[in-house]
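The values are calculated or read from the model by the stated rules, or taken from the named source; none is laboratory data. Source: prediction; values computed, not measured. Here Cβ is always computed from backbone atoms with ideal geometry, including for glycine, and neighbour counts include all displayed protein chains. These accessible areas exclude ligands, DNA and RNA; they are computed on the full protein's heavy atoms, side chains included. Shrake-Rupley method; radii C 1.70, N 1.55, O 1.52, S 1.80 Å.
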Protein chains: 2
Amino acid sequence: MTKRPADPTNGSAPAARQVPMRDFSRSLPMSLLRAREAVMRQFRPSLREHGLTEQQWRILRALASIEAAEVTELARTAFLLGPSLSRILRDLEARNLIERKTAKADQRRSMVSISKEGVKLMASVAPTSEAIYAEITSRFGARKLAELQEMLGELEQSLAGLGAGNEASAEE
Amino acid sequence: MTKRPADPTNGSAPAARQVPMRDFSRSLPMSLLRAREAVMRQFRPSLREHGLTEQQWRILRALASIEAAEVTELARTAFLLGPSLSRILRDLEARNLIERKTAKADQRRSMVSISKEGVKLMASVAPTSEAIYAEITSRFGARKLAELQEMLGELEQSLAGLGAGNEASAEE
DNA sequence: CGGAGATACTTAACATGTTAAGTGAATGCG
DNA sequence: CGCATTCACTTAACATGTTAAGTATCTCCG
């Protein structure tokens, strides 16, 4: 077992010496991926016991906090792409955890809300979930956690409107 | 439209008032997810133009830096689960971007290495990729970037060996 | 030597990520 | 009004994430 802790200086890696590139394992995307995985690993078992995936849980939480919402709004809140959300809502509806009804004013839109059962399920998961979050906060440090989230927000901000690319040129 | 900026006190939301929970959108997993997505959004178009997904690119980079590796080692380096890696290697091999040969000493293991074509493809992608990384570094700030990665690493460390749970008790 | 148990992968099955296309309902404009 | 556009979703298709099984090897101990 022993985990083998990343091995910094890597020693070897003789051939393929052309494109240096940052040590791959230290790239920003990898750092973010690993950090997130380390966090999620804590929550998944508990969610799983309640028959929920991470994304389903995100949707329930989002719905519990905004009462009812259109699909598009929900996608933005839960940070899911439309197609994923569409599938998940279909399943959650089949399990009676959410309810859906098309808006009268605009037949295209549908309002989604959490059901009584959904609320009940959330109530049964929330305590454990909160406890885990508290443990994480305690281990990492509340202050550092706040700082980290601050930086993550800034990173997001600094990249906003970059990938859009064709913001006002080339019409493809 | 108007975005509706999170709305702290949430005003409404009369029902479901039981479990407060942190404002969902500010949870650590969400912060990490959004930050990572903001970053990856920059790279995906370029990778896509070269017919590569994010994961395939991770594997090629990993292979380029370690010459040859067993599947398990590669999985650890590229931070992919075995099953994902298995599928991706099958595809990359079919595209002649990697090569595989079973180890003589242990028929179970197979050594994977990047092919000449693979190296060529990497060379064609790397410049753009590096340019994007440089732009991100410049926008966010090199120093802050280093700090952020430092914190992410610490977060990972502080959670290491927590999720393992049954470390030395309950045999399920 | 032989077979139980551990290893290193690979398959399978189901859920989501990601992009493109499809569908039905609103809108805008001539 | 008529119809091309735009909208809000949903489907489709392919790739990966995630957990559980399956397969061939290898190890080790009796």
Would you check if there is a residue in the stretch B:89-96 being in contact (Cβ under 8 Å) with a residue 24 or more places away in the chain, more than 9 Å from DNA strand D (Cβ to nearest atom), part of a helix (DSSP H, G or I) and within 13 Å of another protein chain (Cβ to nearest Cβ)?
no
Looking only at residues that are within 13 Å of DNA strand C (Cβ to nearest atom) and open to solvent by 30 Å² or more (accessible area, probe 1.4 Å) in the stretch A:51-69, which one is nearest to the other protein chains (Cβ to nearest Cβ)?
A:GLN55
Given (1) touching a helix residue (DSSP H, G or I) at 6+ places or on another chain (Cβ under 7 Å); (2) at the interface with chain B (Cβ under 9 Å from one of its Cβ atoms); (3) farther than 21 Å from A:ARG36 by Cβ; (4) not charged (D, E, K, R), A:LEU148 misses just (3)
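Report whether or not B:SER84 is of a type in the set (S, T, N, Q), open to solvent by less than 60 Å² (accessible area, probe 1.4 Å), in a helix (DSSP H, G or I) and at pLDDT below 95. Please lay out each step first, then the result.
On the way: of a type in the set (S, T, N, Q): yes; open to solvent by less than 60 Å² (accessible area, probe 1.4 Å): yes; in a helix (DSSP H, G or I): yes; at pLDDT below 95: no.
Considered against the rule, which asks whether it is of a type in the set (S, T, N, Q), open to solvent by less than 60 Å² (accessible area, probe 1.4 Å), in a helix (DSSP H, G or I) and at pLDDT below 95, B:SER84 comes out as no.
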Go through the stretch A:94-133 and give me each residue that's more than 12 Å from DNA strand C (Cβ to nearest atom) and either at positive phi or of a type in the set (D, E, K, R) (or both).
A:ASN96, A:GLU99, A:ARG100, A:LYS101, A:LYS116, A:GLU117, A:LYS120, A:GLU130
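So, in the stretch B:101-142, how many residues would count as being without any contact (Cβ under 8 Å) to a residue 40 or more places away in the chain and more than 15 Å from DNA strand D (Cβ to nearest atom)? Give the steps one after another, and end with the answer.
Step one: filter the stretch B:101-142 for residues without any contact (Cβ under 8 Å) to a residue 40 or more places away in the chain, giving B:101-109, B:115-117, B:120, B:123, B:126-127, B:130-131, B:133-134, B:137-142.
Cutting the leftovers down to more than 15 Å from DNA strand D (Cβ to nearest atom) gives us B:115-117, B:120, B:123, B:126-127, B:130-131, B:133-134, B:137-142.
Total satisfying the criteria: 17.
So, A:LEU152, is that one touching a strand residue (DSSP E or B) at 6+ places or on another chain (Cβ under 6 Å) and part of a helix (DSSP H, G or I) or not? Please lay out each step first, then the result.
On the way: touching a strand residue (DSSP E or B) at 6+ places or on another chain (Cβ under 6 Å): no; part of a helix (DSSP H, G or I): yes.
When the stated conditions are applied, A:LEU152 does not pass them.
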